[in-house]
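Reading through the structure tokens given below for one structure.
The values are calculated or read from the model by the stated rules, or taken from the named source; none is laboratory data. This is a predicted model, so every value here is computed, not measured. Quick reminder, even Gly has a Cβ in these numbers, built from the backbone with ideal geometry, and neighbours come from all protein chains shown.
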Amino acid sequence: MVTACQPEKLKSYVDIEANANLVAISGTWKLVKVVQTDNDAAKKGFPYQTMDITSAFAYTTATMTFNLSAGAPTTFAINNGTAPGVVAITTGNWTVDNAKAPQVITLTNGAVSEKLTLGSYPNAVSPNLKVRVTRSDVVTGKVLVTYDYEYSR
């Protein structure tokens, strides 16, 4: 007796709410950890590539707030406290590349903009917000240093 495989009918999935991740990102966040990566050292395989610089520069005094209106990004505010600035601007508007599954947050104030790459959204498994900022050589565009910032509520 020979039996044949029958394709299984795919079950529908529940589409996440259009702005669920934006709601998770919104609010005020306190900076809890900063890791600096020397990209050139990492490329060359040097043993010392990353360093936790959180306490070296009092980063835990910094906060970041993302505001929403009708489920859409509006304004942001960064209070650096006594720490060096995470980005060059401290107030303005924020947008994302994709409302359902954002990967990049763009902060804008006038003609100045900065990009934060999302490392993770806050959720039931990990309540922290992780973002990455890269600094590049202005002439060559080569990424020199990467900063990984971790925020908690």
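Odds and ends about this structure:
- For the range 130-148, the set of residues classified as charged (D, E, K, R) and either buried (at least 16 other Cβ atoms within 10 Å of the Cβ) or assigned to a loop (DSSP other than H, G, I, E, B) (or both) consists of LYS130, ARG132, ASP137, LYS142, ASP148, listed by residue number.
Okay, residues lined up against (1) surrounded by 14 or more Cβ atoms within 10 Å (Cβ to Cβ); (2) under 15 Å from the mean Cα position of the chain (by Cα); (3) over 18 Å from THR37 (Cα atoms):
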site: SER55; (1), (2), (3): no, no, no
site: THR65; (1), (2), (3): yes, yes, yes
site: LEU68; (1), (2), (3): yes, no, yes
site: ALA72; (1), (2), (3): no, no, yes
site: PHE76; (1), (2), (3): yes, yes, yes
site: ASN80; (1), (2), (3): yes, no, yes
site: VAL86; (1), (2), (3): yes, yes, no
site: THR91; (1), (2), (3): no, no, yes
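- Odd one out for GLY71 among (1) in contact with a strand residue (DSSP E or B) (Cβ under 9 Å, 6 or more places away or on another chain); (2) at pLDDT below 95; (3) not β-branched (Val, Ile, Thr): (1)
- When restricted to residues that are among the small types (Gly, Ala, Ser), assigned to a strand (DSSP E or B) and either without any contact (Cβ under 8 Å) to a residue 24 or more places away in the chain or farther than 25 Å from ILE53 by Cβ (or both), the range 115-129 contains 1.
- Going through (1) part of a loop (DSSP other than H, G, I, E, B); (2) touching a residue at least 24 places away in the same chain (Cβ under 8 Å); (3) touching a strand residue (DSSP E or B) at 6+ places or on another chain (Cβ under 7 Å); (4) not hydrophobic (A, V, I, L, M, F, W, C) one by one, THR54 falls short only on (2).
- If you go through the range 33-47 and pick out every residue that is touching a residue at least 24 places away in the same chain (Cβ under 8 Å) and either of a type outside the set (D, E, K, R) or part of a strand (DSSP E or B) (or both), you end up with 7.
- Within the range 33-51, the residues that satisfy the criterion of being over 17 Å from THR134 (Cβ atoms) and surrounded by fewer than 13 Cβ atoms within 10 Å (Cβ to Cβ) are LYS44, GLY45, PHE46, PRO47, TYR48.
- Residues (within 14 Å of GLY92 (Cα to Cα) and free of Cβ contacts under 8 Å to residues at least 60 places away in the same chain) located in the range 59-73: THR65, PHE66, ASN67, LEU68, PRO73
- Any hit, the range 76-96, residues being closer than 16 Å to GLY27 by Cβ and in a loop (DSSP other than H, G, I, E, B): no
- Residues that are polar (S, T, N, Q) and either part of a strand (DSSP E or B) or surrounded by 13 or more Cβ atoms within 10 Å (Cβ to Cβ) (or both), drawn from the range 97-114: THR106, THR108, ASN109, SER113
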